[in-house]
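For reference, the structure discussed in these notes is given below.
The values are calculated or read from the model by the stated rules, or taken from the named source; none is laboratory data. Computed from a predicted structure; not experimentally measured. Neighbour counts run over all protein chains shown; Cβ positions are idealised from the backbone, glycine included. What goes into the accessible areas is simple: the full protein's heavy atoms, side chains included, and nothing from ligands, DNA or RNA. Shrake-Rupley method; radii C 1.70, N 1.55, O 1.52, S 1.80 Å.
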Amino acid sequence: MMRTALKNAFTLAALAVAMSIVVSAGAQQPAAAPGPKTLKMQSSWPASLTLQDNFKFFAERVDKLTGGQLKIDALAAGQVVPAFEVLDATHKKVIDGAHSVSYYWVGKNKAATLFASTPAGPFGMDHMDFMGWLYEGGGLDMWWDFYQKELKLNVIAFPILPSGPQAFGWFKRPIKSLADFKGMKCRQTGIVAEIFQRMGMQTVNMPGGEIVPSAQRGVIDCAEWVGGIEDLRLGLPGVFKYHYVPGMHEPTVVAQTMFNTEVWAGLTPAQQEIIRSAVTDTYIRWWVRWQKQNADAIAEMRTKHGTVILNTPRDVLVAFLKAWDEMAKEESAKNPFFKKVLDSQREYASKVVPAKRFMNPPYSFAANYYWPEGKPGAKGEGKKK
């Protein structure tokens, strides 16, 4: 009897120990990983443009780098809100983020244009100089302060799309001087529209998707969009004959991707770092592809559409720079934040632009040696001596 009681006691003790081990092991198991997260984001671009391709490339990079744990629904303009309303929609969390360009918000504060690198570089800076100012000269912090402190918006932004240098624009008739486009009605946006108004142009603000039908109806006589492949895909060679390059209004324009700050804070540190890496990867990878696409587009414009591509009259370019300098001076006098950003850009440019001009040979030097202007079929054998 005693032997049976001892046996039962040992059995109960063993069961208790086993149960404690199971409970303890269960308590030490890591929590199940959260499922995939999808961010609903929208651009300001029509679905057919390579600007939208940039957005989709970014979404693909984030998907791959996170192993599918973070996905971005890269919607085109108008799929949730109109093209120019993505900033406010991001702030209000109607969408989780957006893909656009900051000079669309100059109606809120003219300093918005300075983070899109318009106009004039600024101060002669090229794309990499401007990126240097953002990442090495304090520009990115100022950009975040602009959205969060100046505009009081729940937005954080990153540079992602280098869509420049942009063409001066498209015209239904040729222009030979500044006087020739005075009185013309032209599609322009942002602070650039105000500058051209000072130069005598009548401007009309509209999204890219409205340019072609407006030109067909005679609402506008000229238009500026981007240049190259973007203009070809938008159909501009079908409604305008004369295309002028270059322009000084957006020589180094940089578009952005942005997130609602609460959405951004809800990402893990690793996901945030992946987005930062995907942004810079997209900037470079899309840009180098875009250069070839632009070259092919220019050839197609000439051969298939009969586009007449001409150099922008120099007096127009100089007048633009003068008008911008005048406007920037006026705005700096009444907008302390505008002045702070512009002064920062001027200081950074004062160092890097003269140094780069000193170190770098002019692009046209070797270009004209191997590909003389007026001889697009040159084989690279150099000029005859």
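Side notes on the structure shown:
- Per-region count, the range 172-195, residues hydrophobic (A, V, I, L, M, F, W, C) and without any contact (Cβ under 8 Å) to a residue 60 or more places away in the chain: 4
- Residue check, Gly247 within 19 Å of the chain's Cα centre (by Cα), at positive phi and touching a residue at least 24 places away in the same chain (Cβ under 8 Å): no
- Contact annotation: residue pairs with Cβ atoms under 6 Å, 6 or more positions apart or on different chains, pairing a residue in the range 313-340 that is of a type in the set (Val, Ile, Thr) with a partner that is in a helix (DSSP H, G or I), are Val316/Leu178.
- Test result for Trp143, of a type outside the set (A, V, I, L, M) and more than 22 Å from Glu326 (Cα to Cα): yes
- Members of the range 353-372 that are assigned to a loop (DSSP other than H, G, I, E, B) and among the hydrophobic types (A, V, I, L, M, F, W, C): Trp371
- Considering the range 238-335, the qualifying strands (runs of 3 or more DSSP E), each wholly inside and each with 3 or more residues that are open to solvent by less than 20 Å² (accessible area, probe 1.4 Å) and under 24 Å from Ala116 (Cβ atoms), run over 255-260.
- A Cβ distance below 8 Å, combined with a sequence gap of six or more or placement on separate chains, defines the contacts here; from the range 361-382, residues that are within 19 Å of Ile298 (Cα to Cα) and among the small types (Gly, Ala, Ser) reach residues that are at pLDDT 60 or above and open to solvent by 50 Å² or more (accessible area, probe 1.4 Å) in the pairs Ala378/Tyr370; Ala378/Trp371.
- The residues of the range 173-185 that are under 30 Å from Ala295 (Cα atoms), part of a helix (DSSP H, G or I) and open to solvent by 40 Å² or more (accessible area, probe 1.4 Å) amount to a single one, Asp180.
- Filter result (small (Gly, Ala, Ser) and either free of Cβ contacts under 8 Å to residues at least 60 places away in the same chain or under 26 Å from Gly35 (Cα atoms) (or both)) within the range 60-77: Gly67, Gly68, Ala74, Ala76
- Taking residues in the range 217-235 that are touching a residue at least 40 places away in the same chain (Cβ under 8 Å) and at negative phi, and partners anywhere that are open to solvent by 30 Å² or more (accessible area, probe 1.4 Å) and part of a loop (DSSP other than H, G, I, E, B), the pairs with Cβ atoms closer than 6 Å and at least 6 places apart or on different chains are Asp221/Lys172; Arg233/Ser48.
- Residues satisfying the stated conditions in the range 199-208, i.e. in contact with a Leu (Cβ under 7 Å, 6 or more places away or on another chain) and either open to solvent by 40 Å² or more (accessible area, probe 1.4 Å) or of a type in the set (Lys, Arg) (or both): none
- Restricting the range 209-225 to residues that are open to solvent by less than 10 Å² (accessible area, probe 1.4 Å), of a type outside the set (D, E, K, R) and touching a helix residue (DSSP H, G or I) at 6+ places or on another chain (Cβ under 9 Å) leaves a set whose member that is nearest to Phe171 (Cα to Cα) is Cys222.
- Residues satisfying the stated conditions in the range 192-219, i.e. of a type in the set (A, V, I, L, M, F, W, C) and closer than 23 Å to Ala47 by Cα: Val204, Met206, Ile211, Val212, Ala215
- Asp145 vs. criteria over 28 Å from Gln293 (Cα atoms) and modelled with pLDDT under 95: no
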